[in-house]
Every structure is written in C-alpha cells, then in structure tokens.
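For reference, the structure is listed below as structure tokens.
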Amino acid sequence: MHVATVIGSVWATQKDPSLQGLRFLVVRPFTTDGKESAETMIAADPIGAGIGERVLVVHGRAARHVIGHGHDIGFQTAIAGIIDRMDLADGRVIGPHVDFDSEQD
Amino acid sequence: MHVATVIGSVWATQKDPSLQGLRFLVVRPFTTDGKESAETMIAADPIGAGIGERVLVVHGRAARHVIGHGHDIGFQTAIAGIIDRMDLADGRVIGPHVDFDSEQD
Amino acid sequence: MHVATVIGSVWATQKDPSLQGLRFLVVRPFTTDGKESAETMIAADPIGAGIGERVLVVHGRAARHVIGHGHDIGFQTAIAGIIDRMDLADGRVIGPHVDFDSEQD
Amino acid sequence: MHVATVIGSVWATQKDPSLQGLRFLVVRPFTTDGKESAETMIAADPIGAGIGERVLVVHGRAARHVIGHGHDIGFQTAIAGIIDRMDLADGRVIGPHVDFDSEQD
Amino acid sequence: MHVATVIGSVWATQKDPSLQGLRFLVVRPFTTDGKESAETMIAADPIGAGIGERVLVVHGRAARHVIGHGHDIGFQTAIAGIIDRMDLADGRVIGPHVDFDSEQD
C-alpha cells in the first residue's frame with residue numbers, strides 16, 4: 001500500500017464494461033526526497049478524493065474489495081482512503097493536501 | 001492500472017495455445033516528465049487500439065477478465081480502454097493520441 | 001518479503017471500513033549501500049513496532065494472513081515481525097533499531 | 001507480459017521437487033533504448049527457445065498455465081512464445097533473434 | 001523467478017506465529033553488469049543454502065508451495081533451489097558460489 005498525491009483525472013468512453021460508472025484519478029507515489037516521481041498510476045476512486053489530496057492506494061484483491069463490485073472486474077488499483085496526517089521521523093508533517101505540509105511543532 | 005502509449009505490434013506463431021487469436025500490442029508506460037521510459041510491456045488488445053493511442057493497461061486477474069477467455073490462459077496484461085482525455089494539475093491535457101496533447105484553456 | 005525501517009505513522013479518518021481500527025506505519029525499504037530509498041510503503045502493524053525499528057514487511061495474501069481479518073479487506077501490506085539482528089557477509093550487523101547497527105566482533 | 005531476450009541457461013540439482021524435469025533459461029527484458037538491462041529473470045521454457053531468441057515472458061498464474069503442471073508448483077515465470085516480429089512506431093523491426101533486427105522497408 | 005546471492009541471515013523473535021521455525025536468509029538479486037544491487041529481499045530457506053551461494057528465489061504462491069506449510073502463512077518469498085551453474089551468452093559461467101565464477105573454456 002502507498003501514499004500518493006492526486007495529480008489529475010482521466011476519462012475513457014471506449015473501455016471494458018466493468019469500468020462503467022467508475023471515477024478514475026491519476027496518482028503519483030509520494031517520495032520522501034521531495035523529487036516528483038515521473039511514474040503515475042490510475043486508481044478507481046470510490047471515496048471522492050480531490051486534486052492535490054494525499055491518498056492511500058491499494059492494488060489487486062484489496063482494490064477490488066474497496067470498489068465493491070466483486071472480483072470479476074477489469075481493473076486492480078483503487079483509493080482506500082484520504083490521509084489526515086503523516087508524521088515522519090525527520091520532523092515533517094505531511095498533510096492531507098500538498099498545500100498543508102509543515103514541520104512538527 | 002497504468003496509462004500507456006501504444007508504440008508497436010508483435011506477432012508470434014510459436015506460442016502457448018491459449019494465446020491463439022489474440023492481438024498483441026507493444027505499450028510504453030506514460031511518464032509525467034516527458035522522458036520516454038525504455039521499459040515496454042506486451043498487452044493483449046480486445047478493444048482495437050491503434051499506434052500512438054493512449055490506453056488503460058491492467059494486469060493479472062483484471063487482465064484475464066478483460067480478455068474474457070476465463071482464468072486458464074497463458075498471459076496477464078491487457079488493454080482495458082482507450083482514454084478520451086487526461087487532465088493534469090499542471091495544466092496539461094493528455095489526449096487520446098500522442099499527437100493531440102495540449103494545455104488546458 | 002523485505003526488511004524495512006519504520007520512519008513514521010499515518011492516520012486517515014476517511015477510509016474504507018475494513019481499515020477501521022488498524023495502525024498504519026510508514027516504512028522505508030532497507031538498502032545495503034546506506035543510501036536512503038526515497039520510496040515508502042504504508043504497512044498495517046499488528047505487532048506494535050516503533051519508529052526506527054527494523055521490520056519484516058509482507059504483501060498480498062501473506063499480509064492478509066498476518067492481519068487476521070480474513071481476505072475481504074482493503075489493504076495488502078503488513079508488518080510480520082521485528083528483527084533481532086541481521087548479519088551481512090560484509091561484516092555488518094544490522095540491529096533491531098537504526099541506532100544499534102555495528103560491525104561483527 | 002514482456003518481450004525478453006534469452007541470454008543463457010541455468011541448471012540446479014538441489015531444488016524443489018516440482019522443478020524437476022523443467023528447462024530454465026536466463027532472460028533479459030527488452031528495452032527500447034538499446035541499453036541492456038542489468039536485471040535478469042529465470043523462466044521455465046516449455047517451448048524450446050534458444051540463446052539470442054526474443055520470447056514472450058509471463059508470470060504467476062499465467063506462467064503456471066503455460067507450464068501445465070497445475071498450480072501447486074514452486075516457480076512462477078515462464079516463456080509463453082517466441083516472437084516472429086515486433087514492429088515499432090519508430091520504424092524498427094525487432095526480429096525473432098538478436099541478429100535479425102532491421103529497419104522497416 | 002530470479003537468481004540471487006545469499007549475503008546474510010536474519011533473526012526475529014517478535015513475529016507472526018506462522019514464521020516460527022523457519023530459517024530466513026538475506027538475498028541480493030544477481031545482475032549481469034557486476035554492479036551490486038542495493039536492494040535486498042528476505043527469503044525463507046527450506047533447502048539449506050549458505051552465505052555466498054547462488055539461489056533460485058520465488059514469490060507468492062510458488063514460495064508457499066516450496067515452504068510446504070499451506071497457503072495460510074505470513075510470508076511470500078522463498079529459496080526454491082541452489083544453482084549448479086549458469087552459462088551466459090557472453091561467455092561467463094556463473095557458479096554455485098560467488099567464489100566460483102569463470103569464463104567458458
């Protein structure tokens with residue numbers, strides 16, 4: 001499971017029927033060195049996360065459980081939560097949105 | 001699940017019987033920094049994507065569902081859709097084909 | 001399975017119901033060259049590990065077993081143990097906490 | 001699923017009984033930038049591929065299907081086919097063997 | 001499946017009960033360019049490999065099969081064999097131990 005930042009949305013009309021009605025967000029894995037990863041993933045979003053929010057991303061069976069459409073579906077990455085806060089040992093506090101990071105008081 | 005660009009086609013006569021009749025495309029993962037990844041994947045394509053198109057790529061059980069030949073088959077990567085559009089927080093609009101990217105108006 | 005170092009904690013109120021009541025830690029994969037990986041993972045922690053401790057991290061079915069809530073749950077990474085000691089062929093002894101590494105006597 | 005090049009063979013007498021009688025090849029993932037990946041995988045080969053040949057490599061359940069010894073076996077990577085040809089959008093034609101690559105006419 | 005080199009041992013008293021009685025080795029993936037990967041994995045070892053030996057490492061269902069304790073266990077990486085020899089197309093012969101590599105005669 002990863003923490004990732006929501007960096008966009010994606011739409012697709014021509015797709016597997018099991019993808020109908022799902023909302024897909026573009027997410028970028030969180031990295032501790034502040035350098036933005038060039039890698040992105042597409043996650044189904046049953047929770048309603050917004051651009052810039054920090055989310056918990058799961059894959060495979062866990063993702064299918066979170067979506068709740070059973071195990072015969074054509075995708076395997078989903079958002080399982082929106083973080084309130086992530087405290088790191090180096091003193092940083094990573095907030096629920098890219099604009100709310102700070103140092104621990 | 002990833003967004004990838006279709007960059008080629010592959011044919012194989014000598015292969016597992018469960019691969020018979022399937023169309024295989026070469027896809028390259030989309031990266032946000034514009035640098036082309038050297039990594040490629042081969043995806044079964046039940047949707048009919050073309051060279052240069054941006055597709056949703058799934059793996060494992062999700063891929064087997066999209067292909068629809070049951071779970072006793074010799075491959076595990078498939079194209080689940082062709083994107084219409086991907087809006088990124090940095091203002092870019094990634095189109096359905098490499099030639100149609102633009103900035104958000 | 002990996003050895004990783006616990007580098008933080010994460011909280012999320014808005015999440016899949018199956019994540020309720022679980023403690024989530026931020027872990028960083030151990031690397032032999034001493035350079036800190038920028039990559040992090042979020043692991044459910046049924047064992048009670050602390051910041052700086054070196055833990056065994058498992059994924060997928062193994063993680064679900066360690067958590068013990070059955071296989072219908074929305075996550076797939078967990079802490080399966082806290083190491084006592086890791087002896088490396090180059091003479092290093094990696095301790096249970098980042099502060100206790102040493103050379104073999 | 002990946003295209004890879006066969007770069008060697010491996011033998012092991014001391015191994016899990018379910019590996020008995022299988023032929024193992026060393027394969028290297030194909031990369032589009034021509035730089036050889038340092039990473040290798042070991043794949044069971046029921047098809048009879050030779051050194052230098054370009055093969056389709058599958059993992060997990062797909063690999064077990066291709067080998068055909070059921071799902072209680074101690075390995076998860078296999079060769080599912082030998083490519084005839086891979087046409088890339090940049091004009092290159094990747095042949096069935098490292099010695100037969102060319103440009104599209 | 002990968003070839004890896006055994007570079008250490010790890011012990012953990014505080015761990016999931018299903019890990020009791022298992023021997024855990026630290027392994028480093030074999031790379032063809034001779035540069036040591038900084039990445040390590042922990043593998044359960046039912047075969048009895050020693051430091052410096054070159055082993056076949058499997059994951060997930062394959063690993064559970066090799067360990068032989070059923071599928072309700074808290075780990076997913078195991079040693080499935082110790083290689084006798086790996087012949088590479090570039091003429092190198094990779095031996096069963098780091099000290100026994102040579103060129104093909």
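For this structure, a couple of remarks:
- When C:Arg61 is tested against the conditions (1) more than 9 Å from chain E (Cβ to nearest Cβ); (2) out of contact with any strand residue (DSSP E or B) (no Cβ under 9 Å at 6 or more places or on another chain), the lone failure is (1).
- Subset of the range B:53-80 (residues that are at positive phi and touching a helix residue (DSSP H, G or I) at 6+ places or on another chain (Cβ under 9 Å)): B:Gly60, B:Gly70
- Residue that is farthest from the chain's Cα centre (by Cα) [pool: residues in the range C:69-105 that are at pLDDT below 95 and within 30 Å of A:Ala63 (Cβ to Cβ)]: C:Asp72
- When residues of the range D:68-86 are limited to those that are farther than 18 Å from B:Trp11 by Cβ and small (Gly, Ala, Ser), the one surrounded by the fewest Cβ atoms within 10 Å (Cβ to Cβ): D:Gly70
- Lone unmet requirement of (1) within 7 Å of another protein chain (Cβ to nearest Cβ); (2) closer than 20 Å to E:Met1 by Cβ for D:Ile83: (2)
- Residue in the range E:43-99 that is nearest to C:Ile67 (Cα to Cα), counting only those that are part of a helix (DSSP H, G or I) and in contact (Cβ under 8 Å) with a residue 60 or more places away in the chain: E:Ala62
- The residues of the range E:10-47 that are at pLDDT 95 or above and over 23 Å from C:Ile82 (Cα atoms) amount to a single one, E:Ile47.
- Residue match in the range B:34-45 (condition: facing chain A (nearest Cβ under 7 Å) and surrounded by fewer than 18 Cβ atoms within 10 Å (Cβ to Cβ)): yes
- Qualifying residue in the range E:87-94 (condition: crowded, with 17+ Cβ neighbours inside 10 Å, touching an Asp or Glu at 6+ places or on another chain (Cβ under 6 Å) and within 7 Å of another protein chain (Cβ to nearest Cβ)): no
- Yes/no for D:Ala12 being surrounded by 22 or more Cβ atoms within 10 Å (Cβ to Cβ), free of Cβ contacts under 8 Å to residues at least 40 places away in the same chain and within 14 Å of the chain's Cα centre (by Cα): no
- Flag for B:Pro29 being under 14 Å from the mean Cα position of the chain (by Cα), more than 8 Å from chain D (Cβ to nearest Cβ) and surrounded by fewer than 23 Cβ atoms within 10 Å (Cβ to Cβ): yes
- Note on the range A:1-22: among residues that are in a loop (DSSP other than H, G, I, E, B) and in contact with a strand residue (DSSP E or B) (Cβ under 7 Å, 6 or more places away or on another chain), the one that is farthest from the other protein chains (Cβ to nearest Cβ) is A:Leu22.
The values are calculated or read from the model by the stated rules, or taken from the named source; none is laboratory data. What you see is a predicted model, and the numbers here were worked out from it, not measured in a lab. Using ideal geometry, Cβ is built from the backbone for each residue, glycine included, and neighbour counts are taken over all protein chains shown.
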